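The values are calculated or read from the model by the stated rules, or taken from the named source; none is laboratory data. None of the values given here were measured: they were computed from a predicted structure. Note that we place each Cβ from the backbone using ideal geometry, even for glycine, and neighbour counts take in every protein chain shown.
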Amino acid sequence: MTFDRDEVEAAFRTYWQLGAVGEDWDAWCDTCFTEDVTYIEHILGSKQGRESVRAWIKPTMADYGEIYTAYEWHMIDDGGRAVVYMQNRRDNPEPGAPPIDFPGMTVLQYAGNGQFSLEEDFWSLPEGTATFKQYVDACKKFDPEFRHKRTRRNWGDGPDWTQGATTYDGSAGAQRHA
């Protein structure tokens, strides 16, 4: 099936803004996915259906609340497939030090009506584990409470629509549930 690229682009931007930027996981699930979405997370397990995705994403994002997603690039093909490359980012508690990142990639399949019927996530478990250790060690050395601050100080060099609040508390998701 062929989809209008502008339609898929608009759906992708909504997906990015509600999820990565806004961290509003209920709105992300309701708006961006078909009820029968297939969500393949190669490390953490697959989910079938919007409610299964919601039941998984909300506690996962709460458990790893120090992580946010810095956009690198995306592309869309004529069949409605979108691919996005990003950095899974933690701000470094060491003053002036660069963020602690590990890369990821997501493939989405557009289904029409602003929704995706497939999400497939790829990231490296060894890199994710190594950067988590690096982050924990830096927190111990510089600020043991840093993880709970949930800062988002470096959204990268992407377009304005990929940029979010400087802390989780300033995000749309946090404001909605405050």
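How many of the residues in the stretch 47-74 are closer than 15 Å to Arg150 by Cα and either in contact with a Ser or Thr (Cβ under 6 Å, 6 or more places away or on another chain) or touching a residue at least 24 places away in the same chain (Cβ under 8 Å) (or both)?
6
Looking at the stretch 68-83 only, could you name the residues that are of a type outside the set (Phe, Trp, Tyr), surrounded by 18 or more Cβ atoms within 10 Å (Cβ to Cβ) and over 17 Å from Glu7 (Cβ atoms)?
Thr69, Ala70, listed by residue number.
Name the residue, out of Ala82, Ala97, that is within 20 Å of Asp30 (Cα to Cα), touching a residue at least 12 places away in the same chain (Cβ under 8 Å) and of a type in the set (A, V, I, L, M).
Ala82
Could you list, in sequence order, the residues of the stretch 137-178 that are aliphatic (A, V, I, L, M), under 15 Å from Arg90 (Cα atoms) and loosely packed, with under 13 Cβ neighbours inside 10 Å?
So in the stretch 137-178, the residues aliphatic (A, V, I, L, M) come out as 138, 165, 172, 174, 178.
Add one more test, that the residue is under 15 Å from Arg90 (Cα atoms), and what stays is 138, 165.
Scanning the stretch 137-178 gives no hits.
Examine the stretch 61-76 for a residue that is at pLDDT 95 or above and part of a loop (DSSP other than H, G, I, E, B), and state whether such a residue exists.
yes
Do we have Val107 as among the aliphatic types (A, V, I, L, M), surrounded by fewer than 16 Cβ atoms within 10 Å (Cβ to Cβ) and farther than 22 Å from Glu145 by Cα here?
So Val107 passes the test.
Give me the residue from the stretch 101-125 that is within 19 Å of Gly45 (Cβ to Cβ) and hydroxyl-bearing (Ser, Thr, Tyr) and, out of that set, modelled with the lowest pLDDT.
Step by step, filter the stretch 101-125, then rank; the result is Ser124.
For the subset of the stretch 1-52 comprising residues that are over 16 Å from Ile76 (Cβ atoms) and β-branched (Val, Ile, Thr), which member is surrounded by the fewest Cβ atoms within 10 Å (Cβ to Cβ)?
Filtering first and then ranking leaves Ile43.
Of a type in the set (A, V, I, L, M, F, W, C), touching a Lys or Arg at 6+ places or on another chain (Cβ under 6 Å) and either assigned to a helix (DSSP H, G or I) or modelled with pLDDT of 95 or more (or both): is that true of Trp56 in this structure?
Yes.
Quick one: Ile43 ticks every box in (1) assigned to a helix (DSSP H, G or I); (2) out of contact with any strand residue (DSSP E or B) (no Cβ under 6 Å at 6 or more places or on another chain) except a single one, so which number is it?
Single failed check for Ile43: (1).
For the list (1) surrounded by fewer than 19 Cβ atoms within 10 Å (Cβ to Cβ); (2) aliphatic (A, V, I, L, M); (3) within 30 Å of Asp143 (Cβ to Cβ), I need the number of the one condition that Ala55 fails.
(3)
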